[in-house]
1. Please list, in chain and number order, the residues 5+ apart from ILE225 or on another chain whose amide H is under 5 Å from its amide H, with Hs placed from the backbone.
2. Output the antiparallel fraction of DSSP beta bridges having both residues in the chain, as a percent to the nearest 5.
3. Which of the trypsin sites (Lys or Arg not before Pro) across the range 102-201 are loop residues per DSSP, with 14 or fewer other Cβ within 10 Å?
4. So what is the 222 nm mean residue ellipticity for the chain from helices alone, if each DSSP H run of at least 4 adds -39500 (n - 2.57) and you divide by all residues, rounding to the nearest 500 deg cm²/dmol?
5. On a straight-distance basis, which lysines could pair with LYS113 in a cross-link, Cα separation under 19 angstrom, same-chain partners fewer than 8 positions away excluded?
6. Order these peptides, 315-322, 84-91, by their mean beta-carbon neighbour count within 10 angstrom, highest first.
7. Report P(r) for the range 1-117: all Cα-Cα distances, bin width 5 Å, range 0 to the bin holding the largest distance, values in whole percent.
8. Under 5 Å between amide hydrogens, which residues at least 5 positions from THR201 or on another chain qualify, with H placed 1.01 Å from N in the peptide plane?
Amino acid sequence: MRREASAVRADFAEQAAKIGFAFAHIDGETYWDESVRYVFSRREIEDDLEAATSELAALCHELIRRIMVTERMMERLGVPDHARDVIAESWNRRDPTLYGRFDFAYDGKAPPKLLEYNADTPTSLFESSVVQWFWLEQMIASGQLPRGADQFNSLHEKLIVRWTRIGAGRFLHLSCLRDSVEDSGTTAYVEECARQAGLQTSLIDMGDIGLAPGRGFIDRSGRDIALMFKLYPWEWMFGEGFGKAPELRAARFIEPAWKMLLSNKGVLALLWEIAPGHPNLLPCFFEDDPRAAELGARFARKPLFSREGGNVELHDGDGVVTGPDLAYGGRFVRQALNPLPDFSGNYPVCGCWLVGDEPAGLGLREDVSPITGNRSRFIPHAIVD
C-alpha cells in the first residue's frame, strides 16, 4: 500500500458532468481529490481487506442472532423500548439489506482493524462505484497506470443484481434530505441502480412522507409507500412523531430496522465480547464497564450514536484530539487506540463495501486530521502488481 502523486485529468469537469458527479467540491472545499492515489497489491486487497470484510460480515450476523435472544443486549445498545419489537420483527422476517461499509485502519502491513460499521446510512457509494472506476479506465487509457491495473470494485453490478432480488417488481420510493448535495447524489445513484434492475421508482424528500392512520405511509400524491430506501438514520426515525406508530411495522425499509443495531458503536464492544482477540477487531468496552480501565490512557471514545466523526475523542496518553461537536452524547464506548497510518501528514480510512453479504468494493477517505469527518477527501485507488 502506497500513496503517490497522480495526474489530474485536464477535462475532469467535463468527465464529471457526463456521469452526473455534482459534488466533487462541497461548500467550496475539494471532496474528490485525484491529484493523489492509493496503490495496493492484489494480496493486500484479497487476503487482507476483502477477507476481513467477509469475515466480519459473518460475525455481525452471528451477533444479531445473539442480540435477538434477549432484550438485554438491546438495552445495552440504548435502543428505545418502542423500537425493539420493530427491530426484532424486521430480523425475524429476514428483511433484506442492500449495502453497508466497514471502515478499517490499514497500512498494508498489519491486519485491517475495524473502526466502525456504517451499516444504516453509508455514503460515498457513487464515488466508490462509478466515479473512481471511470477514473481508473481513463488513467489506463492515458498511460498513467499500466494496462493490468485493476480496482477492488464490483459495486455497480452487484447493486443491480441485489435490487432485482429485493425489489421483485415492486414500486420503490427513495428518500433523503434533499438539501444535502451528497445525500441527494447518493440517493439518485441508488435509484439509477434500482431502475437498471427494472424497478419503477420515485425519489422524494423525507418531508414528502405522510402517515395515514390505519393505512400506512404515503407520498404527497397519496401513493402508498410499500418499499422505501431511506438515507435517514433509524435512530432519527424512531425519534420522529411517527416513531411509535404501529404502521411503522407494516412498511418495508432499506436499510431494515435490524441494521440500526449494527450501526451502533456499542456493537464494537459486543463484537469484542463474542470474538475476543479477533485479528480484525480492537479491544472495546462500554465506558461504564470496569474492563474499560484495561485500555489505560490510549483509547478512542465514541458515542453510541455518532456520525461523521462527531464528538469522537482520541486519547493517546499525552493529549486528546477531538472530532467536530455535533451534539452527540449519551453513552460511550472506549476502543483501544489504533492510529490511522500517516502518509506525509494524511490519514486514510479504508471503507470496504458489502452488497448484501458479499464484499463489493473499496473507497478511501483521507484527512489531515486523524479523525475522518464529513469534509474528508475521497481518494481513488488502483491495484497494481
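1. Correct list: PHE217, ILE218, ASP219.
2. In the chain, DSSP labels about 75 percent of beta bridges as antiparallel.
3. Answer by residue number: LYS109, ARG147, ARG170.
4. -7500 deg cm²/dmol, from helical runs alone.
5. Result set, ordered by chain and number: LYS265, LYS302.
6. Per-residue Cβ counts within 10 Å, averaged per peptide and sorted highest first, yield 84-91, 315-322.
7. Calculated over all Cα pairs of the range 1-117, the distribution is 2, 8, 12, 13, 13, 13, 12, 11, 9, 5, 2, 0 percent.
8. For THR201, the qualifying residues are LEU172.
The values are calculated or read from the model by the stated rules, or taken from the named source; none is laboratory data. Just so it is clear, the structure is predicted and the values come from calculations on it, not from any experiment. All Cβ positions, even for glycine, are placed from backbone atoms using ideal geometry, and neighbour counts span all protein chains on display. Surface areas here come from the heavy atoms of the whole protein model, side chains and all, with no ligands, DNA or RNA. Shrake-Rupley method; radii C 1.70, N 1.55, O 1.52, S 1.80 Å.
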